[in-house]
Amino acid sequence: MGGDIKGTQMLTDICTCEVSLTDHSALEAWNGVVHAVLSHGQAAPVHLGALLERAPDFAMGPAISGLSALMLARRELVASAEAANTAAKEALAAGGATEREQLWCTALDAWLAGDPQRSVVCMETALRLNPADTISMKLSHGIRFILGDNHGMLQSVQAVIGAHGADHPLHGYAMGCLAFALEETGQYDAAERAGLSGLNYAVDDAWGLHAVAHVYDMTHRTQQGITLISENESAWDHCNNFRFHVWWHKALLHLDQRDYDAVFDLYDRKIRHEKTDDYRDFSNASALLMRLELEGVPVGDRWIELANLAETRLSDGCLAFADLHYMLALVGDHRPDAAATMIARVAQDAQGSGTVAEVMADPGLAASKGLAAFGEAQYATAFANLKAAQPHYQAMGGSHAQRDIFARITIEAGIRAGKLDDAARLLDQRIAQRAGIADSFAASRRDTIATARAAQAKIAAE
């Protein structure tokens, strides 16, 4: 229990923060929302619906609804976020909101105005009010992830992890966020320890489990990763579509082992069993198929479904990361006209202002041009554009594992264009990022470059 608003004793939520709620059933619904968001659970909409019904004047309800809509990066959901923003402002006008609740509403308003960095500032201001505020930490973490701010993610979590001791009810989820931030900044041993420790406190922490899966991918410990995922289904089988992403990680590990039958089985039965148009599900699928294509493995007619969906997203423009994965499908299914339309739209978006426009301009435009050229076997053009984009891939957001498909295509384009020294340097950079360990892709491309250099030397000697 805590302070007093309008003469009513305030309640405290599972994050140990005071809330303006006065109804214990509404508090239970809000705590359900918090837990479901932290665990990526399917029940989040159910709890949110109950919260909005029981406490329509609780501003954090519409605020989290609107922020969640924006995180889905779909043009048609902007209207939903705007409606939530209106509802949040009406709730604030009713009076009684805490400072934390006001900050959340400001965060939504800022993102709708094209300034997600200000949304992060709002969340972290809330964290200064109470560093044990796990859900504000999680949202800051998530927005920074979308923005590609891996070092900011780590600094943000490290600043509050001391307030999330083992006695905090959400300690395990905080450790999962710490694990992922450590992994994305290359601190693999510490990430593994944090993620596995967190699972001891939150057995349904899919984010922490997936952070450790990232570690095993980046350090070429494929069998450990497969075993981790297989033996900890309780950590992710309750999830919303995030469970498809965990299956994707398992498929990557099998791909590294060149077990293509297992990869296709996971793709058909798990990753793409539900053919959603959520950009995160789409990116799982398109990146996996393109990895297979680069290894010379036929993927059958699987591109058609993805390319059809990609064509419905040509004018979306919410997130460069999503657009580039749509482009993968257009390239994979050989649709140059649609790819040209996508490039023209990215170029137009790049002329705007704000964060989205900045990323569309760099690396989005060069990367989209490079991918389209790669699909047309114009490898010199592809490599020139992709190499120009490569230093800025981080800005598009996502994880190292997700962006790795663009690194692979860049290297492959360089090899096919005969730019062997440049391709070798990029390959060495990729290996260095992965703890200095060559996975199967790196090993095979090293061999390819060596063979090509030998052939060049032989020709020069004749």
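Details
- Here the sum of -39500 (n - 2.57) over DSSP H runs of 4 or more residues, divided by the residues of the chain, equals -21500 deg cm²/dmol at 222 nm, to the nearest 500.
- Equivalent ellipsoid semi-axes - Cα gyration tensor, the stretch 1-132, angstrom: 22, 17, 15
- In this structure, A454 and D167 have a Cβ-Cβ separation that, at R0 = 56 Å, corresponds to a calculated FRET efficiency of about 0.35.
- Crossing angle, helix 242-256 versus the chain [Cα axis fit, 0-90 degrees, rounded to tens]: 30
- Other residues within the sphere of radius under 11 Å centred on the Cβ of E28, judged by their own Cβ, net out at -1 (K and R +1, D and E -1).
- For D428, neighbours were defined as the other residues whose beta-carbon sits under 12 Å from its Cβ, and their charges (Lys and Arg +1, Asp and Glu -1) total +3.
- Once the mean of 1/r is taken over each pair of separate Cα atoms and inverted, the stretch 185-280 shows a Kirkwood hydrodynamic radius of 13.6 Å.
- Estimated dipole of the stretch 94-228 in Debye, rounded to 20 [Cβ of Lys and Arg +1, of Asp and Glu -1, Cα centre]: 60
- Candidate lysines - alpha carbon under 20 Å from K419, same-chain residues fewer than 8 apart omitted: K369, K387, K458
- In the stretch 9-92, the trypsin sites (Lys or Arg not before Pro) that fall in loop regions by DSSP, at most 11 other Cβ within 10 Å: none
- Loop-resident sites, the stretch 261-298, for trypsin sites (Lys or Arg not before Pro), counting at most 12 other Cβ within 10 Å (DSSP): K275
- Solvent-accessible area assigned to carbon and sulfur over the chain amounts to 51 percent, based on a 1.4 Å probe.
- Contact order, relative form, for the chain: 10 percent (alpha carbon pairs under 8 Å, 6 or more residues apart, mean separation divided by residue count).
- Here the calculated FRET efficiency for D259 and S353, from their Cβ-Cβ distance with R0 = 35 Å, stands at 0.15, rounded to the nearest 0.05.
- Whole-Å semi-axes of the ellipsoid equivalent to the chain (Cα gyration tensor, √5λ, descending): 41, 24, 19
- Relative contact order (percent, whole number), the stretch 358-462, Cα cutoff 8 Å, 6+ residue spacing: 20
- Total charge dipole magnitude, the stretch 335-462, about the Cα centre, Cβ charges on Lys, Arg, Asp, Glu only, Debye to nearest 20: 220
- With eigenvalues of the C-alpha gyration tensor scaled by 5 and rooted, the stretch 398-448, Å: 17, 13, 9
- Accessible area per residue for the chain is 38 Å², calculated with a 1.4 Å probe on protein heavy atoms, without ligands, DNA or RNA.
- Of P116, N200, T185, farthest towards positive along the dipole that unit charges on Lys, Arg, Asp, Glu beta carbons give the stretch 85-202: P116
- Loop-located GluC sites (Glu not before Pro) in the stretch 230-293 whose Cβ has at most 13 other Cβ within 10 Å (DSSP): E231, E274
- A79 versus D115: modelled label distance in nm, points set 7 Å from Cα along the beta carbon direction: 2.7
- Note on the stretch 126-248: Kirkwood hydrodynamic radius from all Cα pairs is 14.3 Å, rounded to one decimal.
- Candidates F282, A443, S230 compared by Cα position along the dipole of the chain: farthest toward the positive end lies A443, with charges placed on Cβ.
- If only the Cβ of Lys and Arg carry +1 and only the Cβ of Asp and Glu carry -1, the dipole of the chain around its Cα centre is close to 1140 debye.
- Backbone geometry of the stretch 106-116 corresponds, through the Karplus equation with coefficients 6.51, -1.76 and 1.60 at θ = phi - 60°, to 3J(HN,Hα) couplings of 5, 4, 5, 4, 5, 5, 4, 7, x, 10, x Hz, x marking Gly and Pro.
- Rounded tilt (10° steps) of 150-160 against the dominant C-alpha axis of the chain: 30
- Relative contact order of the stretch 21-139, defined on C-alpha pairs under 8 angstrom at six or more residues apart (%): 20
- Dimensions in Å of the stretch 61-113 - Rg and Dmax from alpha carbons: 10.5, 33
The values are calculated or read from the model by the stated rules, or taken from the named source; none is laboratory data. Given the structure is predicted, the values throughout are model-derived calculations rather than measurements. Don't worry about glycine lacking a Cβ; one is built from the backbone with ideal geometry, like all the others, and counts go over all protein chains shown. Quick note on the areas: whole protein, heavy atoms, side chains included, nothing else; ligands and nucleic acids left out. Shrake-Rupley method; radii C 1.70, N 1.55, O 1.52, S 1.80 Å.
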